[in-house]
Structures are given as C-alpha cells and as structure tokens.
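*Asks:* Structure below; questions to follow.
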Amino acid sequence: MPARQRAPVSAAILPPGATIGILGGGQLGRMLALSAAQLGLRCHIYAPEADSPAFEVAARHTCAGYDDEAALMAFADAVDVVTYEFENVPVATVRSLEARVPVRPGSRALGVAQDRLAEKQLARSLGAATAAFASVNSEAELVAALATTGLPAVLKTTRFGYDGKGQAKLMAMDGMQAAWQAMRGQPAILEAFVGFRCEVSVVAARGLDGAFSAFDVTQNEHRHHILHRSTAPAAIAPDCAREAVAITRRIAEALDYVGVLGVEFFVCAAGDGAETLLVNEIAPRVHNSGHWTMDGAITSQFEQHVRAVAGWPLGSPALLGAEAEMHNLIGDEAGTWASIVADPSARLHLYGKADARPGRKMGHVNRLKPHPVSQR
Ligand code: AMP
C-alpha cells in the first residue's frame, strides 16, 4: 500500500480535525484522547487488548498486535502523527512506523527508556547522579557487582519492569541465588539501595520547536511499589527543585524529545544536610505523577503532550492553587467512588476498567488547595 502524501515534517503543524495515532490503549491513552478531542483533534488508538480503556473514547481504534505489519501500516496511513502511551511498545514497531509517519517522541527516546542501564548511562553522561549500579548477566556477575553497590541492593531486570515487577531486594550474601533466579535469566542491573529522604518527579514537555516547559516538581509516595499519592509542589529546597528541572531539560534535549516525559528522582540528604538528587527512571510518556495537572494546572499534561506532538505551542504549566494532590485508586479502592463524588472539592477520574484486580490502577482523585485569601 503506498504511503499517503503528507507535508514535510518541518511544516507539520496539525490543524484541528487531524488524527493522532496512539500506540497503547490504557488509561494514559484514554486521557490523551479526551484532551485531544477537546482541542478538535481526533485519536486513533492501536492496542492488542480488546478491552482497552482508550477505545471507548477515541474516534477510531485498531485492535491488533504490535508485530502485525499489515495492521501497523494501515494505521500509519490513517493518522497524521503517531505517539505512544506505553513504554514497552517494541522499538522495532516504532521504527517501522517512523519510516512512514512522524513518531513523537521517536524510537531513540523509547529505546533508552526501555533499558535501565541505558537510562542511567544517559543520566550520568549529562552530569546527573544515579545510585551506584552494575550490569548483571549471571550469578557470578551478581557477586562481582556487589563490589560496586554494596548491600543492601536491588536487582532489577533491565527491561519490561514496572511498579516493582521484576525486582528483588538483596539484604545479605545468602540471598544471591534466589535474587538471580527471580530474574529468570533476563539481563539485569544491580543498584545500591538508596536511603532517600523522599521521591520526586519532574513532568515536563518539549515542543517541536525545542521549547521546554516543566510542571511543578511533584513529590511521590509509593505503597507496595505502586504510586499511592502525589503532591505538588514537592516539599524540597528551591535549588533542588531547579536542579531536577534542569536535569530533565538536559535529558529531553539530549534525546531531541518531542512530547511529555517524566523523570523520577530520589532526593537524598548529603552530610551537610543539603539535598542531592539521583535519577531513578525516565518515562517517555505522560506520567502517573502528573495526573494532578488535570485539575491543578492551567494546561494538563495530556493537553501538553497533544500540543507538542501536534506541533502546537506549549501551554502554561502554572499551578492553579497553593497545592495539588492526586490519590490513585488501586484495585477495589475504586469502590469508594460514591463517597468521593459526595465531596464537592474532589475531582474523580475513573478509567472505565471493569475488573478491579488487586494492584490495578482503576482511577484517581485530584484535590486542589486554594491560595490563602491574603495571596489571591
Ligand atoms: P522503579 O521500578 O525503579 O521505579 O522502582 C519502584 C520503586 O521502588 C521506586 O519508586 C522506589 O520507591 C523503590 N526503589 C527502586 N529502586 C530503588 C533503589 N535503588 N533504592 C531504594 N528504593 C528503590
């Protein structure tokens, strides 16, 4: 099938009515499609799962595998630009689409973010610190890697891990064999276990023209490895917040990134009490810790991503009140929806998932604390 005629990428500012193709059909794709619709843009979701939450709010969808070349090419020809909401889309899928249609962010950002080693190497090459780490491909390498990290340490598969999956904490030398077995033969990374003061993230966007814009640094609390609560602005020193944003900007520029990205950091206390930052992870997509922006910022992270991939100017990331809070509704917590909507200050977002399995992200609730009257 011949590729559809399209304008050169440099001239590619999409007009309302144009179609954004999204790889991945989860809640992030759903919220992107809702934001795109608000701007008069259409979305075509491509995902393998028939019950994808994004399908029911998008103009079109394709339910097919990421290796279905014919379906991918038909998708490429039906859309004006492609983006993704899920970082485990195969890089090969994105590369084959890139030959036919602009993909933003591109396959390079995806490739780096899929690999914990590449991610940390990139951060270090840009002058940012990370936890001590070493590559591990066998039990013998695991023992050798401990010389770099010390104990305790965390062994993680380099790829396809999320929400604590594919991770094993190592407290003592006798845990070595079990930790390596938990990796099931996959390449892994051993990281020093960091005694952090708190975890923060920067959710930021880079436009097609290179403009950069960051939301307020967000503080994140995890439970059972899953994000539980995010608040913005983070309760960290202003210098530390500025540094987190500056590191995120260097990462976005190094990847020639277009769209929203999330960078997760550990904030540690140095000997003199100052705060230092360690880069933990880069997400090449809208990020769960940025959900507060839907009700707490002038432009939400979803609208910002749509603007960036459509070649539009970025919107203001300014916080609308004194503090914004987002609380994830995990598993059967979504059953509390009636009490949430009974609170007039709570903004409920449910993802339309039928099955509230334990650990599954079913929705979230945002609350915005207004500025004190004296500052209004
Ligand atoms: P990750 O999948 O790397 O984002 O890890 C999920 C969560 O596990 C992080 O947000 C931290 O709470 C915790 N964690 C991961 N790596 C480390 C580490 N090296 N030191 C301490 N805690 C960690």
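Just so you know, all these numbers are worked out from the coordinates, no wet-lab data involved. Note that this is a predicted model, so its numbers are computed, not measured. Backbone-built Cβ (ideal geometry, glycine too); neighbour counts: all protein chains shown.
*Asks:* Residues in the range 191-206: is at least one under 19 Å from the mean Cα position of the chain (by Cα), buried (at least 16 other Cβ atoms within 10 Å of the Cβ) and within 28 Å of GLU139 (Cα to Cα)?
*Replies:* No, there is no match, as no residue in the range 191-206 is under 19 Å from the mean Cα position of the chain (by Cα), buried (at least 16 other Cβ atoms within 10 Å of the Cβ) and within 28 Å of GLU139 (Cα to Cα).
*Asks:* Restricting attention to strands (runs of 3 or more DSSP E) lying wholly within the range 165-217, give those where 3 or more residues are within 15 Å of the ligand (Cβ to nearest atom). Even if it seems obvious, please write down each step before you answer.
*Replies:* Values: elements: 167-170, 188-192, 198-206, 212-214.
In the range 165-217, 167-170, 188-192, 198-206 are the strands (runs of 3 or more DSSP E) which contain 3 or more residues that are within 15 Å of the ligand (Cβ to nearest atom).
*Asks:* I'm checking my understanding of the structure. Among residues of the range 117-164 that are of a type in the set (A, V, I, L, M) and in contact with a Pro (Cβ under 9 Å, 6 or more places away or on another chain), which one is nearest to ALA178 (Cα to Cα)? Outline the logic, then answer.
*Replies:* Of the range 117-164, the ones of a type in the set (A, V, I, L, M) are 117-118, 122-123, 126, 128-129, 131-132, 134, 136, 140, 142-147, 151, 153-155.
Still in the running and in contact with a Pro (Cβ under 9 Å, 6 or more places away or on another chain): 117, 136.
Numbers: LEU117: 22, VAL136: 14 Å.
Filtering first and then ranking leaves VAL136.
*Asks:* Something else now. Could you check, for the range 150-160, whether at least one of its residues is part of a strand (DSSP E or B), within 16 Å of the ligand (Cβ to nearest atom), within 20 Å of the chain's Cα centre (by Cα) and within 30 Å of THR83 (Cα to Cα)?
*Replies:* First, the residues of the range 150-160 that are part of a strand (DSSP E or B): 153-157.
Now narrow it down to the ones that are within 16 Å of the ligand (Cβ to nearest atom): 153-157.
If we keep only those that are within 20 Å of the chain's Cα centre (by Cα) as well, we get 156-157.
Filter once more, so that each one left must be within 30 Å of THR83 (Cα to Cα): 156-157.
For the range 150-160, residues part of a strand (DSSP E or B), within 16 Å of the ligand (Cβ to nearest atom), within 20 Å of the chain's Cα centre (by Cα) and within 30 Å of THR83 (Cα to Cα): present.
*Asks:* Return a yes/no flag: does the range 210-223 have any residue that is over 22 Å from ASN366 (Cβ atoms) and more than 18 Å from the chain's Cα centre (by Cα).
*Replies:* Filtering the range 210-223 for residues over 22 Å from ASN366 (Cβ atoms) gives 210-212.
With more than 18 Å from the chain's Cα centre (by Cα) added as a condition, the list becomes 210-211.
Yes, some residue in the range 210-223 is over 22 Å from ASN366 (Cβ atoms) and more than 18 Å from the chain's Cα centre (by Cα).
*Asks:* Could you grab me the full set of residues in the range 278-305 that are in contact with a strand residue (DSSP E or B) (Cβ under 6 Å, 6 or more places away or on another chain) and of a type in the set (S, T, N, Q)?
*Replies:* Within the range 278-305, ASN280, ASN288, SER289, GLN301, GLN304 qualify.
*Asks:* Quick one: in the range 273-327, of everything that is part of a helix (DSSP H, G or I) and within 16 Å of the ligand (Cβ to nearest atom), which residue is surrounded by the fewest Cβ atoms within 10 Å (Cβ to Cβ)? Can you show your working first?
*Replies:* Looking only at the range 273-327, we keep the residues that are part of a helix (DSSP H, G or I), and these are 288-290, 293-296, 301-309.
Next, from what is left, pick out any that are within 16 Å of the ligand (Cβ to nearest atom): 288-290.
On the way: ASN288: 21, SER289: 29, GLY290: 32.
Residue satisfying both the conditions and the ranking: ASN288.
*Asks:* Can I ask one more? Considering every residue within the range 256-272, establish whether at least one is under 22 Å from ALA205 (Cβ atoms), within 20 Å of the chain's Cα centre (by Cα) and surrounded by fewer than 16 Cβ atoms within 10 Å (Cβ to Cβ). Talk me through it step by step, then tell me what you get.
*Replies:* So the first thing to find is which residues in the range 256-272 are under 22 Å from ALA205 (Cβ atoms), and the list is 256-265.
If we keep only those that are within 20 Å of the chain's Cα centre (by Cα) as well, we get 256-265.
Then keep just the ones that are surrounded by fewer than 16 Cβ atoms within 10 Å (Cβ to Cβ); that gives 256.
Looking through the range 256-272, at least one residue is under 22 Å from ALA205 (Cβ atoms), within 20 Å of the chain's Cα centre (by Cα) and surrounded by fewer than 16 Cβ atoms within 10 Å (Cβ to Cβ).
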